[in-house]
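Undergrad: Following this message is one structure expressed as structure tokens.
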Amino acid sequence: MERTAPPGETAAPTAGPPVPDVSGLLDGMPRQRGPVGTAGAGVRESGPVAVPRPRSLRPWQLLPTPTGTPFTFGYAALLCLTSLIAAHADPALVHALLQGSSTDVAHLVRSPEPVLIGSALWVAGGVTSQFAIAFVLVLTALERRIGGLRTAGVFLLGHVLATLATEVPVGLAVLVGHLPGSSLHRLDYGVSFGVATGIGALAGLLPLRLRLPLLAGFGWMLLQDLLAFTDPMTNWGHLIALGIGIATWPVVRRWYAARLARDGG
């Protein structure tokens, strides 16, 4: 029978075989499972876990590159080429090229596909115009988020729909006699409708603190152009194109989320 110590007394330790000093070996022993927040004696706590630093925006990422944004880079190079032609070629030749690429009603009725593509190969005002600069910055940012083919789809959607939305009413107005027949041959070309759509689509992928200033600033600029009444059909087309870009938010957000998931966030 085991003897118990009287109250108030401490039982003498039981003699046993000597235990070797293993304190130096405990560091190499695996940690035992136990309740959360408890740790085995003699086990070192692991060092602090390194937290990955957030990726900072690099200035050169604002510009297109052949590998990072091939669609925007190739398209921008093509626009530079056509702008050089427009600036240095014979004026009669340039006028003939622009007239042949114009998305006016007469051309849209006869050959819609060639002129819709051809009109997007020119920049009204040259490579230093505001829409040319916006083309590079906006499409680069959009392509980095959703990819080249989808960026091309967004651009083409706005270019085609905004063109039809402005030219079809002109044709109907000429048909009922509200506009002269010369309106069927108005010169209409450039990338501005596609760029405006890209701005609207990109805004949906930006944080609210950037989205609101972008939409407010660009929308105010378009409203000022419309109130100036210098080219109301084109100005209405820009507003329509911006609205088309905003309407793509549900789709471009899904594309962006899928791309983030594929790239690991």
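Undergrad: Quick one: which residue in Leu202, Leu184, Leu137 is at pLDDT below 95, of a type outside the set (Phe, Trp, Tyr) and buried (at least 17 other Cβ atoms within 10 Å of the Cβ)?
TA: After ruling out the rest, the residue left standing is Leu184.
Undergrad: Sticking with this structure for a sec: Working only within segment 233-250, note down all residues that are more than 15 Å from Leu164 (Cα to Cα) and surrounded by fewer than 18 Cβ atoms within 10 Å (Cβ to Cβ).
TA: If the condition is that a residue be more than 15 Å from Leu164 (Cα to Cα) and surrounded by fewer than 18 Cβ atoms within 10 Å (Cβ to Cβ), then Ile246, Ala247, Trp249, Pro250 are the ones that fit.
Undergrad: How about segment 91-113: which of its residues are of a type in the set (D, E, K, R) and over 16 Å from Gly181 (Cβ atoms)?
TA: Hit for segment 91-113 is Glu113, nothing else.
Undergrad: Enumerate the pairs (first residue in segment 69-92 and open to solvent by less than 70 Å² (accessible area, probe 1.4 Å); second residue anywhere and among the basic types (Lys, Arg)) with beta-carbon separation below 8 Å, excluding pairs fewer than 6 apart on the same chain, so at least 6 apart or on different chains.
TA: Thr69/Arg144
Undergrad: Listed residues Arg259, Arg150, Arg253; which is surrounded by 12 or more Cβ atoms within 10 Å (Cβ to Cβ), touching a helix residue (DSSP H, G or I) at 6+ places or on another chain (Cβ under 6 Å), assigned to a helix (DSSP H, G or I) and of a type in the set (Lys, Arg)?
TA: One residue alone meets the criteria, Arg150.
Undergrad: Sticking with this one: Scan segment 102-129 for residues that are crowded, with 19+ Cβ neighbours inside 10 Å and among the hydroxyl-bearing types (Ser, Thr, Tyr) and jot them down.
TA: Within segment 102-129, Ser102, Thr103, Ser119 meet the criteria.
Undergrad: Looking at segment 245-255, is at least one residue of a type in the set (A, V, I, L, M, F, W, C), more than 13 Å from the chain's Cα centre (by Cα) and at pLDDT below 95?
TA: No: segment 245-255 contains no residue that is of a type in the set (A, V, I, L, M, F, W, C), more than 13 Å from the chain's Cα centre (by Cα) and at pLDDT below 95.
Undergrad: For segment 153-167, how many residues are surrounded by fewer than 20 Cβ atoms within 10 Å (Cβ to Cβ) and either modelled with pLDDT under 95 or not hydrophobic (A, V, I, L, M, F, W, C) (or both)?
TA: 1
Undergrad: Do the conditions hold for Ala241, that is, is it more than 18 Å from Ala120 (Cβ to Cβ) and of a type in the set (Gly, Ala, Ser)?
TA: no
Undergrad: Can you confirm whether Leu179 is closer than 14 Å to Thr234 by Cβ and at pLDDT below 95?
TA: Spelling it out, it is not the case that Leu179 is closer than 14 Å to Thr234 by Cβ and at pLDDT below 95.
Undergrad: Can Leu222 be described as without any contact (Cβ under 8 Å) to a residue 60 or more places away in the chain, open to solvent by less than 20 Å² (accessible area, probe 1.4 Å), under 30 Å from Val94 (Cβ atoms) and not polar (S, T, N, Q)?
TA: Spelling it out, Leu222 is indeed without any contact (Cβ under 8 Å) to a residue 60 or more places away in the chain, open to solvent by less than 20 Å² (accessible area, probe 1.4 Å), under 30 Å from Val94 (Cβ atoms) and not polar (S, T, N, Q).
Undergrad: Could you list, in sequence order, the residues of segment 186-215 that are small (Gly, Ala, Ser) and more than 18 Å from the chain's Cα centre (by Cα)?
TA: Gly190
The values are calculated or read from the model by the stated rules, or taken from the named source; none is laboratory data. Please read these numbers as outputs of a predicted model, since none were measured by experiment. So basically every Cβ, Gly included, is an ideal-geometry build from the backbone, and we count neighbours across all protein chains shown. All accessible areas refer to the heavy atoms of the entire protein, side chains included, with ligands and DNA or RNA removed. Shrake-Rupley method; radii C 1.70, N 1.55, O 1.52, S 1.80 Å.
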